[in-house]
Amino acid sequence: MTAPNTLFEVEDDRVIPKPAPATLFADIVFDRPLDHAYTYAVPDQLTAKIGVGKRVEVPFGKGGKPTAGFCVRVTDVQPTSGYEIKTITRVLDDDAIVDDHLMKLTRWMADYYLCGWGQVLHAVVPAGVRDNAGTRVASFVEPIPKEKLPNPLPTVTPQQKAALDKLKKENRPLEILQLARLAKCTAGVIAGLVKKGLVRKFSERIETDAAAPGPETEDAPAKPMKELALNADQTRAWETLKAALTTGGYHPFLLHGVTGSGKTEVYLRAIEEVVRQGKEVIVLVPEISLTPQTLARFKGRCGNLAVLHSHLTDAERGGYWRRVATGHIQVVVGARSAVFAPTRKLGLIVIDEEHESSFKQESTPRYHARDVAVMRARLEGIPILMGSATPSLESWANAEKGNYTVLNMPNRVESRPMPAVRVIDLRHEPKSAGRHGAIGPTLEGEMRRTLKEKGQIILLLNRRGFSTHVHCEACGHVAQCAHCDLALTFHRTKNALVCHYCGFETAPFVKCPGCAQPSMRYQGLGTEKLQTEIEEKFPGHVCQRMDSDTMAKPGSHQRVLDAFRDGLIHILVGTQMIAKGLDFPNVTLVGVVNADVGLHLPDFRSAERTFQLLAQVAGRAGRGEKGGQVLVQTFTPDHPCITLASHHNYGEFAKLELVHRKQHGYPPFERMARLIVRSEKEDAAAAFADTLAGAFKEALKRVPAPSGFVSLPAASPNGSAPSTGAPRLLGPAECPVFKLNNFYRFHFQIQSESSAVLHDVLRTVLTVAKPPSGVEFQVDIDPYSML
């Protein structure tokens, strides 16, 4: 029997409020965009159950609809607002499901990201925990103690005696059905023992098989992995880190190591040290990097761990949350939401590939997991270790200011050289033979040489599908999504035109919808077409594609990567998911088919993202004794992000890009917020955007002096200092993608050197500008998506 879990209440504590005046009151927040809590009276029947961090059910709104919320404060001081104080109906949890540390963190998030505290708490606690997924209420029986047995003892039937003897022999409570199976009797026999006062019946909520640990948890056997010997760079980094782990306290570290420098070994040493101290560790990795190879490294050295990823069911996720909360798991590895793991004694947070944009959530609350992790480390007074070969410029600027301690690892392990990088100028490259021509003659020649020498190849093209542009040669009609201002992509495997934003699909056009001529042309290049070209040019070799189309099923990554590791796949083609976390010594050639994808978007981070992607994928080559090389095809070979990536020169790129950012007032030198107004009616969205513009102008006229915007640490997570610089407002303007999923969108961009000033202005505007029915607006602090 699984041990009973006490995080969830079992019995229905619904009560009818008594008219007697309450002596205890609770502040409740809801999953609503509200900036304040509501105070409710706590009836006498629930005073022993109420507590901060527990969920309650209360009547909410004019109709008094039963609504779940989180208790964030309990007080015996009666409110003096004059409004009617409603009464809590019931407490939903026996124990708090959000502890004091997470309560402080979520309060800071609500203030910083300008959303409701209840919205943050609702997002932090998984649905599997809120809905008790993976649990069930079971009926148990246990023997009555001798001193409480009835006198005289009632007579029992032979079946009842056998069942009672079996229960005593087990010396633990048993489920009624379990005891019936062991004693080979019916449940009615056990009910008779209860009625005669010989056993006690009670109910507990327990885990079901659906929430049992999966193959990555502590219950699975681990293949031991020995400690690797550290080189000089690793030793220096580890000694500095170990001293901080020994002394304790908040210490933010930025581990800047080139690809293949052995950052993972430093992570593992730190994790083992913290676990030896009896504490827990949270390890954040991008979802795309949760590969079997990555997990195997942690599993081999940290057997007591859980892995949180997007393929988990609600029951599994709820089960992991409860196991972490009860101390059964010491190492939590997962994507951005793992930063909220309910550890009891957190000792370290590790963030691998801290520059990854996937750590930013694009729905409310729009938090960045790296920044939230830094704040959690600060609040709990623990070290945090952020690692990357290409750190975000925000983290790099913090390091230059002295806010983070830099641990440099500039050399690869075993003194292996960085791979040589050749930039191929497609403007002057001879046209490739064949129907598609994505692979130029230079790249094709190197591929043939590599395959002849029994090496393996990785090809990056960060665009999926077959044809990315479908248009009519007669009238110029472009195949566009019915719901978005975006071109459709042809997917040959599906035989459909697909929108990559909203998922709309339609059959391919034989004739033009505009002029009815049979002149539709399918152009552009995606991973599907690239794979077709490779299979035509290299018929004797196995090519496999890795993108979100082919890797949708659980286990797909592992099957492909295992086959690649075993040499069954010769050429691996994919999007950015093949650029990170892969370590295959036999990969001697990496090809970037088109380095310009994403470089010319209307986004101030486009050059940074391009540099990071090129540097990361280049790092997949030359990890073995054979060495390796990288070929980069581009139409803009002189762009600094491409030339500097080809020389593995992050320091010079960061220097140039930071100068550019400072000149234009972009992060990390100024703070930024983006507001999006959207409606299914264009006129309504435009009208409210104008209203919002007026509210901004009034708010900017009376910008207050800088002051800490929260009572928690006054600095923002990336260490920005207060300043008196006046905010700058851009907009309203149509979003670069004006229509998205049937919504017309206008946006504002506001920047300021002071985070406090920025938040004060936004709060002022949000207080007075209320959108009408049918219009929505979103606030994104530190935005990553500018489209």
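The values are calculated or read from the model by the stated rules, or taken from the named source; none is laboratory data. Everything quoted here is computed from the prediction, not taken from an experiment. Note that each Cβ is placed from the backbone with ideal geometry, even for glycine, and that neighbours are counted across all protein chains shown. Side chains are part of the model used for accessible areas, which takes the heavy atoms of the whole protein and leaves out ligands, DNA and RNA. Shrake-Rupley method; radii C 1.70, N 1.55, O 1.52, S 1.80 Å.
For residue 210, are the conditions met, namely being surrounded by fewer than 22 Cβ atoms within 10 Å (Cβ to Cβ), over 16 Å from residue 350 (Cα atoms) and at pLDDT 90 or above? Here the answer is no, as residue 210 does not meet what is asked.
When restricted to residues that are of a type outside the set (Asp, Glu) and out of contact with any strand residue (DSSP E or B) (no Cβ under 9 Å at 6 or more places or on another chain), segment 581-594 contains 1.
If you check 751, 778, which single one turns out to be outside any loop (DSSP other than H, G, I, E, B), touching a residue at least 12 places away in the same chain (Cβ under 8 Å) and either in contact with a helix residue (DSSP H, G or I) (Cβ under 7 Å, 6 or more places away or on another chain) or open to solvent by less than 20 Å² (accessible area, probe 1.4 Å) (or both)? Give the steps one after another, and end with the answer.
Working: 778 fails: either in contact with a helix residue (DSSP H, G or I) (Cβ under 7 Å, 6 or more places away or on another chain) or open to solvent by less than 20 Å² (accessible area, probe 1.4 Å) (or both).
One residue alone meets the criteria, 751.
The residues of segment 115-131 that are under 16 Å from residue 778 (Cα atoms) and out of contact with any helix residue (DSSP H, G or I) (no Cβ under 6 Å at 6 or more places or on another chain), listed by number, are 115, 116, 119.
Residues in segment 183-200: is at least one among the polar types (S, T, N, Q), under 28 Å from residue 319 (Cα atoms), without any contact (Cβ under 8 Å) to a residue 60 or more places away in the chain and open to solvent by 60 Å² or more (accessible area, probe 1.4 Å)?
Taking every residue of segment 183-200 in turn, none turns out to be among the polar types (S, T, N, Q), under 28 Å from residue 319 (Cα atoms), without any contact (Cβ under 8 Å) to a residue 60 or more places away in the chain and open to solvent by 60 Å² or more (accessible area, probe 1.4 Å).
The helices (runs of 4 or more DSSP H) located wholly in segment 249-354 that include 2 or more residues which are open to solvent by less than 10 Å² (accessible area, probe 1.4 Å) and touching a Ser or Thr at 6+ places or on another chain (Cβ under 8 Å) occupy 314-325. Among all residue pairs at least 6 apart or on different chains, which show Cβ distances below 6 Å where the first residue, located in segment 530-558, is over 16 Å from residue 448 (Cβ atoms) and assigned to a loop (DSSP other than H, G, I, E, B) and the second is small (Gly, Ala, Ser) and open to solvent by less than 10 Å² (accessible area, probe 1.4 Å)? Every condition considered, the pairs that remain are 547/574. Out of 537, 553, 529, one residue alone is of a type in the set (D, E, K, R) and buried (at least 21 other Cβ atoms within 10 Å of the Cβ). It is 529.
With respect to residue 388, determine if the residue is under 30 Å from residue 128 (Cα atoms) and either in contact with a strand residue (DSSP E or B) (Cβ under 9 Å, 6 or more places away or on another chain) or open to solvent by 30 Å² or more (accessible area, probe 1.4 Å) (or both). Against the criterion (under 30 Å from residue 128 (Cα atoms) and either in contact with a strand residue (DSSP E or B) (Cβ under 9 Å, 6 or more places away or on another chain) or open to solvent by 30 Å² or more (accessible area, probe 1.4 Å) (or both)), residue 388 does not qualify. Determine whether residue 131 is surrounded by 18 or more Cβ atoms within 10 Å (Cβ to Cβ) and at pLDDT below 95. When the stated conditions are applied, residue 131 does not pass them. Quick check on segment 644-686: of everything there that is free of Cβ contacts under 8 Å to residues at least 60 places away in the same chain and either in contact with a Cys (Cβ under 7 Å, 6 or more places away or on another chain) or under 25 Å from residue 735 (Cα atoms) (or both), which residue is least open to solvent (accessible area, probe 1.4 Å)? The residue in question is 653. Among residues that are part of a loop (DSSP other than H, G, I, E, B) and either open to solvent by less than 40 Å² (accessible area, probe 1.4 Å) or among the β-branched types (Val, Ile, Thr) (or both), residue 151 is not included. Taking the criterion of being among the small types (Gly, Ala, Ser), under 15 Å from residue 29 (Cβ atoms) and either touching a Phe, Trp or Tyr at 6+ places or on another chain (Cβ under 6 Å) or open to solvent by 60 Å² or more (accessible area, probe 1.4 Å) (or both), the only residue of segment 69-97 that qualifies is 69. The residue that is farthest from the chain's Cα centre (by Cα), counting only those in segment 40-68 that are among the charged types (D, E, K, R) and surrounded by 14 or more Cβ atoms within 10 Å (Cβ to Cβ), is 49. Looking for something among the small types (Gly, Ala, Ser), closer than 24 Å to residue 397 by Cα and either in contact with a Leu (Cβ under 7 Å, 6 or more places away or on another chain) or in contact (Cβ under 8 Å) with a residue 60 or more places away in the chain (or both) - is there at least one such residue anywhere in segment 263-280? For segment 263-280, residues among the small types (Gly, Ala, Ser), closer than 24 Å to residue 397 by Cα and either in contact with a Leu (Cβ under 7 Å, 6 or more places away or on another chain) or in contact (Cβ under 8 Å) with a residue 60 or more places away in the chain (or both): absent.
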